[in-house]
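These notes are about the structure you will find just below.
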Amino acid sequence: MRMKWYRAFTFLFTSVATGLAAAFLVLLLRPDLAGQPVQPTAKPVLLERSGGPVSYADAVQRSAPSVVNVFAVKITRQKPHPLFDDPLFKRFFGDQANRPKFKRENSLGSGVIVDNNGYILTNNHVIEGASEIQVVLDDGRSLPARIVGSDPETDIAVLQAAGDKLPVATLGVSDQMQVGDVVMAIGNPFGVGQTVTMGIVSATGRDQLGITDFENFIQTDAAINPGNSGGALINALGDVVGINTAIFSKSGGSHGIGFAIPIQLAKEVMTQIVEHGRVIRGWLGITGQDLTPALAESLGIDLRQGILVSGVLEEGPADKAGLKPGDLIVEIDRQAITGSQQMLNMIAGKPPGSPLTIGVLRDGTEQRMIAIIGERPSINGR
């Protein structure tokens, strides 16, 4: 009797265990049969070839045709060797060897077509002193170009090429560039043909570098080599956001620190050059320097932000307004002054003939003066 009950219990236990195992497998493999929601299988993320991290081919193809190679011919006069001035040398060879000799030099750079009228933005140092200029397009066309005007204080020059159906670049908004944005430099380094280098924006608003008088550079680690000057700095969409202008290097090669002029500034300069033949800027007629702790201590004045006036041009706008050496300029048009570059840009941005309110600290007392802005001369001045 016991044997019969044992066998029945064993059979029942085995059946239940088998059923539970089968149910577990069904829930594991086919949860939909048990009414459980099925989680969709994650599909692999496929990056488009030209959509970002994989490739920037679309951006380059969009902007590269508007970047040209600039070939400038310069005629320079060679300085004769001092030996030719020796009386003994002249006695035997006469003045033939002392006649001036001229040398033909070729310089290479890049430029960007920015207008349907054939206007090209490039650097002033690329075409300075050139007697003949040719631009070569991406499609192989070689066109003569003339210098419309240049601005050494920003290192911008405007050329105009004679040609039809020129590819015009799409200009971006450089004021919106941020550290970390992907950028590419397009140009013709070392004369090897058009090249593209990629990097990121490592700083914006760089100034006090001693490259130009008016500085507001985009700093990038995209390689900018000799010959890239005047070429395009583009964003990931192919919009031109800057004009490549300089590198920080002791050897002449790219070390990962390059500088580009923001396209907003370049456009403003180009507009004035096209309309007036030159860039018209405001001018006050003073020299000065930032007030430092050491300078404040030596003068016995409290340290604060401002520009200490060290010189005033006689009969200049500042002189007529009553400014004197030793004055500390603390405000321009009721805006606090934080540095000499800021003040220079504020004054230069005022049209000649317009009034300017200057807040100064003199003998411990603050006072305001009104100056009538003059036109900045071509020589360096403030």
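The values are calculated or read from the model by the stated rules, or taken from the named source; none is laboratory data. Owing to the predicted nature of the structure, the values given are computational and were not obtained by experimental measurement. Positions of Cβ are backbone-derived with ideal geometry, glycine not excepted, and every protein chain shown enters the neighbour counts.
Comparison of Leu344, Leu361, Leu356 shows that the only residue that is of a type in the set (A, V, I, L, M) and either within 20 Å of Asp151 (Cβ to Cβ) or in a loop (DSSP other than H, G, I, E, B) (or both) is Leu344.
Quick one: which strands (runs of 3 or more DSSP E) sit completely within segment 162-274 and have at least 2 residues that are of a type in the set (Ser, Thr, Tyr) and modelled with pLDDT of 90 or more? Let's see the steps before the verdict.
Details: elements: 182-187, 195-206, 217-220, 232-235, 240-247, 258-262.
Those strands (runs of 3 or more DSSP E) span 195-206.
From the list Gly238, Gly199, which residue is touching an Asp or Glu at 6+ places or on another chain (Cβ under 8 Å), without any contact (Cβ under 8 Å) to a residue 60 or more places away in the chain, closer than 16 Å to Ala57 by Cα and not charged (D, E, K, R)? Spell out how you get there, then give the answer.
Values: Gly238 fails: without any contact (Cβ under 8 Å) to a residue 60 or more places away in the chain.
Sole residue among the options that is touching an Asp or Glu at 6+ places or on another chain (Cβ under 8 Å), without any contact (Cβ under 8 Å) to a residue 60 or more places away in the chain, closer than 16 Å to Ala57 by Cα and not charged (D, E, K, R): Gly199.
Residues are listed down the side, and each one gets a yes or a no for (1) assigned by TED's automatic domain parsing to the domain that holds Gly339; (2) crowded, with 18+ Cβ neighbours inside 10 Å; (3) more than 19 Å from the chain's Cα centre (by Cα):
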| position | (1), (2), (3) |
| --- | --- |
| Ala130 | no, yes, yes |
| Gln134 | no, no, yes |
| Arg141 | no, no, yes |
| Pro144 | no, no, yes |
| Asp181 | no, no, no |
| Thr197 | no, yes, no |
| Arg206 | no, no, no |
| Ser229 | no, yes, no |
| Asp239 | no, yes, no |
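Give me the residue from segment 113-128 that is in contact with a Ser or Thr (Cβ under 9 Å, 6 or more places away or on another chain) and assigned to a loop (DSSP other than H, G, I, E, B) and, out of that set, surrounded by the fewest Cβ atoms within 10 Å (Cβ to Cβ). Within segment 113-128, the match that is surrounded by the fewest Cβ atoms within 10 Å (Cβ to Cβ) is Glu128. If you go through segment 164-179 and pick out every residue that is surrounded by fewer than 16 Cβ atoms within 10 Å (Cβ to Cβ) and within 14 Å of the chain's Cα centre (by Cα), you end up with 5.
Just wondering, is there one or more residues in segment 141-156 that are among the hydroxyl-bearing types (Ser, Thr, Tyr) and in contact with a Gly (Cβ under 9 Å, 6 or more places away or on another chain)? Within segment 141-156, none of the residues are among the hydroxyl-bearing types (Ser, Thr, Tyr) and in contact with a Gly (Cβ under 9 Å, 6 or more places away or on another chain).
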